[in-house]
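The values are calculated or read from the model by the stated rules, or taken from the named source; none is laboratory data. Note that the structure is predicted; figures quoted are calculated from it, not measured. Because the Cβ atoms are built from the backbone with ideal geometry, glycine has one as well, and the counts that use them run over all protein chains shown. For accessibility, only protein heavy atoms count, side chains too; no ligands or nucleic acids. Shrake-Rupley method; radii C 1.70, N 1.55, O 1.52, S 1.80 Å.
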Amino acid sequence: MAVILVVDDEVGIRELLSEILSDEGYSVLLAENAGAARIAINNRPDLVLLDIWMPDNDGVSLLKEWSSTGKLTMPVIMMSGHATLDTAIEATKFGAVDFLEKPIALSRLISSVKAALEKNSVEPKIGTNRAPQPRQPLLPRPQPGYGTYQQPRPEPQPQPVQPRIIEHKHDSLTSMMAAINFNDPLREARDQFERIYFMNLLRKENNSMTKVASAAGLERTHLYRKLKQLGLDIGRAGRSKERNDEFSEG
């Protein structure tokens with residue numbers, strides 16, 4: 001599980017980013033200013049989301065500090081709602097891998113985080129060397145004119161494919177589907193079906209609001225409204241709806 005450090009002086013943004021990233025399966029550390037970030041960086045996170053404008057120290061200066069002291073061993077994504085293009089370019093010179101402009105679109109945030117983590121996983125970190133690969137022994141070359149014969153390598157035999165057995169279990173969702181009263185008015189019967197549909201998606205996607213929204217073809221805001229209308233407990237993701245709306249509106 002990747003660990004992401006979120007550095008931002010606005011508590012609402014910190015909490016919102018924490019809940020979104022947690023829904024995506026990441027472990028999240030929070031820091032409200034540069035001083036707290038200096039302490040949290042010792043936990044060696046896999047990625048840092050760093051705000052540029054903070055009261056005690058700006059994010060670019062903090063990035064320069066980490067770069068000069070050898071602590072910049074992870075990718076850093078800068079965030080700001082007021083930075084100029086020159087500021088973003090300056091940040092990339094000191095090691096930032098991306099720049100997110102506030103208000104941050106949910107899809108842009110997730111794609112940027114995934115890209116930074118994937119790139120970091122295939123590149124050696126600063127100050128480390130790749131382990132040398134053992135050299136293969138050289139085989140003597142056959143000399144021409146002596147009738148040397150090389151035994152051909154056997155062709156790999158295909159492995160038999162094991163049939164996949166799918167067991168259909170009679171669970172609570174099956175019981176609920178059977179309990180739909182098709183004599184009810186259309187709206188009531190449809191609500192019963194939609195409740196079962198979203199319960200199945202929530203269970204299948206392990207309550208990840210992002211994955212459920214993608215599978216259902218809905219925006220997250222519309223998904224929250226639909227689940228609330230159907231009387232489904234959406235837990236922590238539901239409690240962050242108002243903050244999410246406020247964050248998206250800027």
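The residue of segment 5-28 that is surrounded by the fewest Cβ atoms within 10 Å (Cβ to Cβ), among those that are part of a helix (DSSP H, G or I) and of a type in the set (Ser, Thr, Tyr), is 22.
Of the residues making up segment 33-91, those that are in a helix (DSSP H, G or I) and either of a type in the set (Lys, Arg) or open to solvent by less than 50 Å² (accessible area, probe 1.4 Å) (or both) number 17.
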